């Protein structure tokens, strides 16, 4: 039988939600189909994938309406976050997990696991703990676990959203191993990669319906493509003017910064390894600087040193001309704002509304700090939120696409919404320097375009922005200056626009 | 990752360790803890291989509790009691309990213990692998707590009360841990954990006849020694 899943007039509503996230969805999945599900972040793409894979509402709660018929027996599922899929202490057991659940013979399982790992080029990792691997390797292990079952249908829910470009490319290349009869359903923002493996695309619309689509990027959906392929960069409007602010005084200056990485005992070596050495970097007021580089190059570590989370053993870091080693926390932290890689790490309130209020309220505690106009508006006349404050919160929520989620718990937002909430909170306060660690993880193209605008506005108002990202297209459209951290060295690069679009 | 250096099934070692712990738990003399400590050392030599340095450091640190109890009894003796004698007995008992427990913890891989529970005592795989995931998450929690505290501190401009800040970070960490648990649970469900009727294991932790002999020997040694101590009048009973 060719039919694998059939949805007729399917709708879905999450517990406690006022409106359904999906409605009147019709979809037929047959053997060998390769489908891309696209749409804005929070639109319900992942929910639809969960419905098709039999995980919603069974394991995530909510109410399903309409008719869903599932005819397949073996499915493989790869989710977004590589860390959150790890159950067992070795790669071998991780890949064997589903086969063991099926009660297969252990000898056969071992052979099957070995074959699958070898096919994906990660046979040498069989005895490692999955959590000791890089994000890219860990996600390939998840893919191996799904492929080892010889699934009739493979579901991929934004499998590359935590990976750098190289790891993403390799992940999609690995899908060439799929049997032609295996159906594939992918939720993915990287359209170029997805179009390599998918033959059909559907878009989840704002109203929750599903429409047939194509792979052509929308007005703001060109990320993932090489700049040369898009001519004059229509992605986020005109590219940022190069070296526009080079003459301004540096807000952040790094001089001769080095970092050694102590290996644990399992690393097999005593002593330490140089992660990076003698780095020099300047970020001026009004400038957006992008720091690029492969996974594991030390980008996040560098940010950790600048922000004081990790000690500065060798070299110096200056913010507004002050050596951070000489500053107390009270003097140091008001000089910058940090947006972490995991958006959940920034949350401290029970609702989105409270987070937005807290964003401004925290600022008022700053001794001698400058308060943003928004913060002032939010906080007057003191207790509770005044009408003007409520209006401002609503404006901010609207600006960041969160107005329909004001009462939601921050942890219950979609990945993109969480990221937008981080940015709303960060931008509500005024600091001289903004440090952003992979701010485009989980963001759709529209949200990236908004982020780009926000970062440019911040810079125009005189803030310095240091952006750590693996998203080259976004960096190109946003930053004035680029640095590549690779093999322990920091190299300033020409603007990509110049490299790719000499004309 | 903790690597198993146990030569016997973790459940068998647990059982023998239990046999050795019970008399010490009930004793209030100075002989019983010392004798069972010696038996415990013999058990470690038979059951696995222990990293002596790590063992001594851990026992040394945890023995601080025993030293505290000793000083408490010496400095504030109970009415009509020899504080020093009582202090020594309490110190030996607590140190013997710590030594036996630490020995078990250091030679048994927690993953192997859970595997053994699933394979030999029919612990439901859904629960067993949830324990796996819980053990996996401990280093992640440590890392996340550090990042959360730092991010919150930066967000609040370095001001605010440390205790409140810690509570906030703990709430964020806990919420994150709950979400992580939900995601791992979904990942397990997607791989058919709930349909596992006749689950197999590529890593087997079987219960062998050697384990049975080891347990019987452990029981006989512990019970025999206990009886001898009682009849020789060396054993003094006190529960608290």
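The values are calculated or read from the model by the stated rules, or taken from the named source; none is laboratory data. Quantities reported herein were computed from a predicted structural model and do not represent experimental measurements. Cβ sites come from the backbone with ideal geometry, for glycine too, and all protein chains shown count toward neighbours.
Quick notes
- Filter result (assigned to a strand (DSSP E or B) and surrounded by fewer than 20 Cβ atoms within 10 Å (Cβ to Cβ)) within the stretch A:186-201: A:200
- Looking only at residues in the stretch B:186-198 that are in contact with a helix residue (DSSP H, G or I) (Cβ under 8 Å, 6 or more places away or on another chain) and either more than 7 Å from chain A (Cβ to nearest Cβ) or not in a helix (DSSP H, G or I) (or both), the one that is nearest to residue A:344 (Cα to Cα) is B:191.
- Just so you know, in the stretch A:10-19 the residues that are touching a strand residue (DSSP E or B) at 6+ places or on another chain (Cβ under 9 Å) and exposed (fewer than 12 other Cβ atoms within 10 Å of the Cβ) include one that is nearest to residue A:61 (Cα to Cα), and it is A:15.
- Subset of the stretch A:83-97 (residues that are free of Cβ contacts under 8 Å to residues at least 40 places away in the same chain and either more than 16 Å from residue A:111 (Cβ to Cβ) or in contact with a strand residue (DSSP E or B) (Cβ under 7 Å, 6 or more places away or on another chain) (or both)): A:84, A:87
- Counting the residues of the stretch B:150-172 that are within 24 Å of residue A:132 (Cα to Cα) and more than 9 Å from chain A (Cβ to nearest Cβ) gives 0.
- Checked across the stretch B:157-176, the condition of being over 28 Å from the mean Cα position of the chain (by Cα), at pLDDT 90 or above and under 26 Å from residue A:80 (Cβ atoms) holds for no residue.
- Restricting attention to the stretch A:332-344 and to residues that are under 15 Å from residue A:309 (Cα atoms) and part of a helix (DSSP H, G or I), the residue that is farthest from the other protein chains (Cβ to nearest Cβ) turns out to be A:335.
- Strands (runs of 3 or more DSSP E) enclosed by the stretch A:58-160 - at least 1 residues per element that are touching a helix residue (DSSP H, G or I) at 6+ places or on another chain (Cβ under 6 Å) and either closer than 17 Å to residue B:133 by Cβ or away from every other protein chain (no Cβ under 13 Å) (or both): A:75-78
- Candidates A:38, A:30, A:68, filtered to the one that is farther than 30 Å from residue B:200 by Cβ, in contact (Cβ under 8 Å) with a residue 60 or more places away in the chain and within 20 Å of the chain's Cα centre (by Cα): A:38
A quick yes/no check of all residues on (1) at pLDDT 95 or above; (2) within 10 Å of another protein chain (Cβ to nearest Cβ); (3) in a helix (DSSP H, G or I):
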residue	(1), (2), (3)
B:87	no, no, yes
B:91	no, no, yes
B:98	yes, no, yes
B:115	yes, yes, yes
B:129	yes, yes, yes
B:138	no, no, yes
B:145	no, yes, yes
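- Complete set of residues in the stretch A:293-325 that are at pLDDT 90 or above, touching a strand residue (DSSP E or B) at 6+ places or on another chain (Cβ under 6 Å) and assigned to a strand (DSSP E or B): A:315, A:316, A:317, A:318, A:319, A:323
- Flag if residue A:172 is buried (at least 18 other Cβ atoms within 10 Å of the Cβ), part of a strand (DSSP E or B) and touching a helix residue (DSSP H, G or I) at 6+ places or on another chain (Cβ under 7 Å): no
- Positions within the stretch B:179-200 being out of contact with any strand residue (DSSP E or B) (no Cβ under 8 Å at 6 or more places or on another chain) and farther than 17 Å from residue B:135 by Cβ, in sequence order: B:179, B:182, B:186, B:189, B:192, B:194, B:195, B:196, B:197, B:198, B:199, B:200
- Every residue from the stretch B:117-127 that is touching a helix residue (DSSP H, G or I) at 6+ places or on another chain (Cβ under 8 Å) and part of a helix (DSSP H, G or I): B:117, B:118, B:120, B:125, B:126
- The stretch A:277-313, residues that are farther than 12 Å from residue A:466 by Cα and buried (at least 19 other Cβ atoms within 10 Å of the Cβ): A:279, A:293, A:297, A:298, A:304, A:305, A:308, A:309
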